[in-house]
Amino acid sequence: MTENYIGILTSGGDASGMNAAIRAVTRSAIFNGLKVKGIYRGYEGLIADEVKELNTEDVSNIIQRGGTILKTARSKDFMTPQGRAKAYETLRKEHITALVIIGGDGSLTGARIFADEHEDIVCIGLPGTIDNDLYGTDTTIGYDTALNTIVECVDKIRDTATSHDRLFFVEVMGRDAGFLAQYGAVAAGAEAAIIPEDHTDADQLETFINRGFRKTKNSSIVIVSESNKDKGALHYAKRVEKEYPQYDVRVSILGHLQRGGSPSAYDRILASRLGDGAIQALLEGQRNVMIGIHNDQIAYIPFAEAIKTDKPIDKSLIRILNELSI
Ligand code: F6P
């Protein structure tokens with residue numbers, strides 16, 4: 001009789017800690033007598049049959065590495081029924097009956113559609129994205145590391161901001177979510193954060209300026225979430241130049257350096273717990289859920305719930321930032 005395998009892939013934007021999750025899934029599976037195959041380049045590699053068996057030594061020495069040893073992709077083909085049919089053929093050919101998908105909302109949306117189409121394949125998701133925008137889990141793999149990178153960068157920017165008495169707009173990632181901006185601002189002691197979740201009609205720049213950023217300080221840092229679409233850091237800097245020309249303003253867009261680097265201890269532990277959680281879920285007969293950690297407990301979140309848009313930001317963080325930046 002042919003043995004069945006668990007397939008594992010990483011998809012969407014890479015996030016630090018994905019390797020720790022690959023290691024945890026592989027080793028936890030093998031520990032429990034199961035066999036694992038790694039699928040390269042996410043759903044693209046699943047369609048193209050880029051698959052290799054993973055043994056314990058294949059995941060040695062990767063817990064500390066950023067990126068993903070399995071590589072990743074944003075697959076357009078997997079969005080089509082034809083692409084997903086090819087992916088299914090690969091799974092049948094490779095004797096893969098359960099699939100662990102590590103990725104963000106786009107990747108788990110793909111998993112949800114695929115799981116609905118193919119009931120003989122069990123899909124388990126792990127939240128892997130720096131954006132922290134998945135429901136049901138307190139944080140996602142890679143978020144803490146990105147946050148630490150932002151803090152490190154802002155600390156450095158502050159040196160020059162202070163020396164020149166400048167106002168800096170620092171743009172951070174997050175796609176449609178402001179977690180990195182809001183929490184990054186609190187952690188870095190920034191004067192303000194401009195995020196999409198702040199739904200008041202007030203002009204966030206005006207509010208900040210009116211609060212009087214120079215009352216007690218000669219320099220300021222405002223973190224702007226990229227999710228403000230056409231209203232990123234450059235937009236606000238241009239407005240200040242026009243509307244408040246007395247301020248010496250500069251922009252810093254942190255970009256992809258937020259995605260790389262060795263994962264923090266927190267992300268390594270999170271990824272290890274979630275990777276093991278994926279195998280425990282399979283052993284318990286769970287299917288089509290994302291594994292999360294909520295209030296320090298493993299949680300199983302149905303895909304449809306996990307990928308809901310607009311995961312709320314704790315509004316007290318907005319108040320705390322305002323309070324502490326006087
Ligand atoms: O989803 C992770 C993320 O880094 C977002 O914060 C960002 O908007 C996007 O990916 C960038 O994607 P890419 O690397 O494909 O340009």
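The values are calculated or read from the model by the stated rules, or taken from the named source; none is laboratory data. All values reported here derive from a predicted model rather than from experimental measurement. Here the Cβ positions follow ideal geometry from the backbone for every residue, glycine too, while neighbour counts run over all protein chains shown. These area figures cover heavy atoms from the full protein model, side chains too; ligands, DNA and RNA do not enter into them. Shrake-Rupley method; radii C 1.70, N 1.55, O 1.52, S 1.80 Å.
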TODO: Would you mind getting me the FRET efficiency between Gln82 and Asp120? Use the beta-carbon distance for r and R0 = 25 Å, nearest 0.05.
DONE: 0.85
- [ ] Let me know the shape class of the range 143-259, please: from the alpha-carbon gyration tensor, a ≥ b ≥ c as square roots of the eigenvalues, rounded when a/c is under 1.5, otherwise prolate if a/b is greater than b/c, or oblate.
- [x] oblate
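I'd like the FRET efficiency for Ile113 and Thr207, computed as 1/(1 + (r/R0)^6) with the beta carbon distance as r and R0 of 51 Å, rounded to 0.05.
Numbers: r = 41 Å, r/R0 = 0.81.
So the FRET efficiency works out to roughly 0.80.
Can you tell me how much longer the chain between Asp230 and Ile62 gets when fully stretched, taken as 0.36 nm per residue apart minus their C-alpha distance, in nm with one decimal? Each step should come with its number before you reach the end.
Numbers: separation 168, 0.36 × 168 = 60.48 nm, distance 3.80 nm.
Full extension from Asp230 to Ile62 adds 56.7 nm.
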- [ ] At a 1.4 Å probe radius, which order do Thr129, Thr72 fall into by accessible area, largest first?
- [x] Thr72, Thr129
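About its Cα centre, what dipole magnitude does the range 143-259 give when the only charges are +1 on Lys and Arg Cβ and -1 on Asp and Glu Cβ, stated in debye to the nearest 20?
Working: 15 positive and 18 negative charges, 62 e Å.
Dipole magnitude for the range 143-259 comes out near 300 debye.
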Open item on the list: Can you list residues from other chains, or at least 5 along the same chain, whose modelled amide H is less than 5 Å from the amide H of Leu54?
Closed with: Val36, Lys37, Gly38
Task: By accessible area with a 1.4 Å probe, ligands and nucleic acids excluded, highest first: order of Val186, Val151 - done: Val186, Val151
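Determine the sum of side-chain charges near Thr10: Lys and Arg each +1, Asp and Glu each -1, restricted to other residues whose C-beta is under 11 angstrom from that of Thr10. Mind dumping the intermediate values first?
Values: positive: Arg41, Lys71; negative: Asp14.
After counting each charged neighbour, the total is +1.
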TODO: Select from Tyr135, Thr97, Gly110 the residue farthest towards the positive end of the dipole of the range 88-151; place +1 on Cβ of Lys and Arg, -1 on Cβ of Asp and Glu, and compute about the Cα centre.
DONE: Thr97
Task: Helical mean residue ellipticity (222 nm; -39500 (n - 2.57) per DSSP H run of 4+; nearest 500) of the chain - done: -12000 deg cm²/dmol
TODO: Describe numerically, in nm with one decimal, the distance between label points set 7 Å from Cα along Cα→Cβ at Gln286 and at Asp314.
DONE: 2.3 nm
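How would Thr145, Thr56 line up by accessible area, probe 1.4 Å, largest first? Intermediate values should be presented prior to the final figure.
Values: Thr145 10, Thr56 55 Å².
In descending accessible area the options line up as Thr56, Thr145.
Going highest first, how would you order 21-27, 187-193, 65-71 by mean Cβ packing within 10 Å?
Taking the mean over residues of other Cβ atoms within 10 Å, the ranking is 21-27, 187-193, 65-71.
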- [ ] With +1 on each Lys and Arg Cβ and -1 on each Asp and Glu Cβ, and nothing else charged, work out how big the dipole of the chain is about its Cα centre, in Debye to the nearest 20.
- [x] 540 debye
- [ ] Distance check, please: which entries in Lys71/Lys308; Lys37/Lys93; Lys52/Lys86; Lys52/Lys93 exceed 21 angstrom between their Cα atoms?
- [x] Lys71/Lys308
Task: Overall Cα dimensions of the chain, principal axis frame, Å, largest first - done: 77, 37, 32
Open item on the list: Which one, Tyr266, Ile124, Ser163, is farthest towards the positive end of the dipole of the chain when Lys and Arg carry +1 and Asp and Glu -1 on their Cβ?
Closed with: Ser163
TODO: Kindly write out, for the range 35-52 in residue order, the coupling ³J(HN,Hα) from the Karplus curve 6.51 cos²θ - 1.76 cosθ + 1.60 (θ = phi - 60°), rounded to whole Hz, with x marking Gly and Pro.
DONE: 10, 10, 10, x, 10, 8, 6, x, 5, 4, x, 5, 5, 8, 6, 9, 10, 8
Open item on the list: List the residues, sorted by chain then number, that are 5 or more residues from Ile253 or on another chain and whose placed amide H is less than 5 Å from its amide H.
Closed with: Glu171
Open item on the list: Students often forget the sequence filter, so: which aspartates and glutamates lie under 17 Å Cα-Cα from Lys156 once same-chain residues fewer than 8 apart are removed?
Closed with: Asp165, Glu171, Glu191
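Take the Cβ-Cβ distance between Thr162 and Ile326 as r, set R0 to 25 Å, and report the resulting FRET efficiency rounded to the nearest 0.05.
Values: r = 17 Å, r/R0 = 0.69.
Computed FRET efficiency for Thr162 and Ile326 comes out at 0.90.
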- [ ] Please list, in chain and number order, the residues 5+ apart from Gly125 or on another chain whose amide H is under 5 Å from its amide H, with Hs placed from the backbone.
- [x] Ile101, Val289, Met290, Ile291
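Per-residue counts of other Cβ atoms within 10 Å, averaged by peptide: what ranking do you get for 286-295, 28-37, highest first? Numbers along the way, then the final one.
On the way: 286-295: 19.1, 28-37: 17.1.
Result, highest mean first: 286-295, 28-37.
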